[in-house]
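Below: the structure, in structure tokens.
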Amino acid sequence: MLSPTTTALRIGFARLALGFAAALAALAPAHGQAPAKPLKPVTIALGTQVVNVTYPWLTLPIALGYWKEEGYDVKVVTVGGSLQGIQQMVAGGVEFAQVNSTGLIQANTDNNVAVRGLMGTGVIDWGIGVTQDGPIKSVTDLKGKKIGIFSLGTGGVPLLKGYLRSNGIDPDKDVQIIATGAGAPALEALKSDRVQALMFWGSALTGFQNAGTPLRVLYAPAWRALPDFTFATMQKTIDTDPAMVEAISRGAAKATLFAWTNPDCARRIHWKNFPSTKPTGADEATLAKWDLALLDTQLDTMKAAHAMNGGKLIGAMDPAAYGRMQDFMQGEGLIKRTVPVESMLYLKPGFVEAINRFDQKAVIDAAKACKNV
């Protein structure tokens with residue numbers, strides 16, 4: 001899942017700076033043939049600890065050779081979050097980064113950094129998880145309770161506070177918001193009643209349920225109409241190599257369609273090609289069920305973004321949606337000023353059509369067949 005939220009939503013995570021790459025080797029040319037044109041190296045930064053099954057638009061193009069077919073040798077490297085990914089792009093260490101919408105917006109508004117959104121790949125999928133059979137049935141039942149969150153520095157905090165305020169709860173007086181960390185410590189805090197609710201992003205909540213704790217998830221419906229995950233690059237990269245920007249984005253679009261068509265095949269391909277990211281601790285069938293649940297959660301937020309952005313072209317970005325996010329951030333004091341939303345998105349006429357210009361039937365048929373896995 002990084003599922004999918006915002007720079008502020010993921011910022012503060014203690015993530016390992018691990019490199020993640022595909023082995024793409026060119027075959028030696030036959031005698032008498034001209035040497036194959038060497039693949040151009042491209043690096044994508046992703047803010048996560050482990051590049052697991054929840055990033056199919058970045059991993060499937062490597063496994064299926066989509067980017068190799070376009071002439072690029074692509075690797076994905078992990079960084080500490082959207083801010084670090086943007087810093088790497090500014091420094092020239094990577095060409096692309098998967099960022100949260102807040103990172104994109106903050107870069108353009110407060111820092112005057114020319115980061116440009118290329119593809120919308122998710123909506124805000126955070127929620128407040130409470131035990132399914134417990135006494136908390138609605139947001140108003142949170143009054144007087146303790147709510148756990150990964151860190152008090154994440155952007156989940158302003159989301160949570162805004163949701164509580166809109167339902168008549170003073171987030172500074174009527175509840176306690178407690179940093180729990182992620183994973184097992186957070187779930188243990190809920191199970192031991194140290195907190196009565198957990199505010200986390202979608203795949204984290206699914207992970208808690210995979211661990212055997214059924215949850216009821218509360219959230220503001222308006223969150224699902226706010227963009228989050230956005231595939232991005234720098235304006236200078238667009239100006240310098242627009243063909244590369246188009247090709248890399250097209251590979252991500254093809255992989256998105258493949259994963260939507262057959263999620264379990266996407267999981268199987270990921271396990272085969274990136275075995276070090278396969279989960280452990282249970283039998284094969286259970287592990288597959290867990291990872292498929294995580295992937296389905298991510299695909300749901302990707303589909304929600306697709307619908308929010310018009311529902312026609314993969315990766316399309318609706319300026320109005322990013323405008324709503326910018327307005328939310330300004331209202332919560334997360335940014336000092338606003339800029340025209342169109343200036344932070346790559347909306348060149350024909351670009352999104354070009355990245356969708358591939359044999360969609362062939363991709364769908366290949367996903368359905370799921371051969372050689």
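Quick notes on this structure:
- A cut-off of 5 Å between modelled amide H atoms, ignoring neighbours fewer than 5 places along the same chain, links PHE150 with THR180.
- The chain - charge dipole about Cα centre, Lys and Arg +1 at Cβ, Asp and Glu -1, debye rounded to 20: 140 debye
- Rounded to whole Hz, the Karplus (6.51, -1.76, 1.60) HN-Hα couplings of region 41-53, x for glycine and proline: x, 9, 10, 10, 8, 9, x, 6, 7, 10, 7, 8, 5
- Pairs exceeding 18 Å between alpha-carbon atoms, taken from LYS146/LYS173; LYS68/LYS348; LYS68/LYS254; LYS254/LYS368: LYS68/LYS348.
- Accessible surface, per residue, of the chain when the full set of protein chains is kept, probe 1.4 Å, Å²: 42 Å²
- Atom-type composition of the exposed protein surface of region 80-175 places 44 percent of the accessible area on carbon and sulfur (1.4 angstrom probe).
- Under 5 Å, built H, 5+ apart or other chain: amide partners of LEU215: GLN132
- Each other residue within a Cβ distance under 9 Å of THR301 adds +1 if Lys or Arg and -1 if Asp or Glu, for a net charge of -1.
- Here the Karplus curve 6.51 cos²θ - 1.76 cosθ + 1.60, taken at θ = phi - 60°, turns the phi angles of region 125-135 into couplings of 10, 5, x, 9, x, 10, 4, 4, 9, x, x Hz, with x standing for Gly and Pro.
- Taken along the Cα-to-beta-carbon direction at a fixed 7 Å, the label points for GLU342 and LYS278 span 5.0 nm.
- Gain upon complete extension [LYS40, LYS191; 0.36 nm per residue less C-alpha separation]: 49.4 nm
- Extension reserve of the LYS236-THR213 stretch, reckoned as 0.36 nm per residue once the Cα distance is removed: 3.6 nm
- Cα shape, region 152-285, gyration tensor, a/c 1.5 rule: oblate
- Packing-based ranking, highest mean first, of 335-346, 94-105, 265-276, 296-307 given that Cβ atoms within 10 Å are counted: 94-105, 296-307, 265-276, 335-346
- Protein-only accessible surface order, largest first, of ARG216, ARG250 at 1.4 Å: ARG216, ARG250
- Charge tally for VAL123 (other residues, Cβ to Cβ under 12 Å; Lys, Arg +1; Asp, Glu -1): -1.
- Listed values for region 352-360 are Karplus-derived 3J(HN,Hα) couplings in whole Hz (6.51 cos²θ - 1.76 cosθ + 1.60, θ = phi - 60°), namely 5, 5, 5, 6, 9, 8, 8, 6, 5, and x replaces Gly and Pro.
- Reciprocal mean inverse distance between Cα atoms of region 227-277 - Kirkwood radius, Å: 13.0 Å
- With a 1.4 Å probe rolled over the protein heavy atoms of all chains, the accessible area of ARG224, ARG165 falls in the order ARG165, ARG224, largest first.
- Value of Rg to Rh for region 34-89, rounded to two decimals, is 1.05; Kirkwood radius and Rg both from alpha-carbon coordinates.
The values are calculated or read from the model by the stated rules, or taken from the named source; none is laboratory data. Bear in mind the structure is a predicted one, so any value in this text is a computation, not a measurement. Cβ atoms come from the backbone with ideal geometry, glycine included; neighbour counts cover every protein chain shown. Each accessible area value is taken on the protein alone, full model and side chains, heavy atoms only, with ligands, DNA and RNA left out. Shrake-Rupley method; radii C 1.70, N 1.55, O 1.52, S 1.80 Å.
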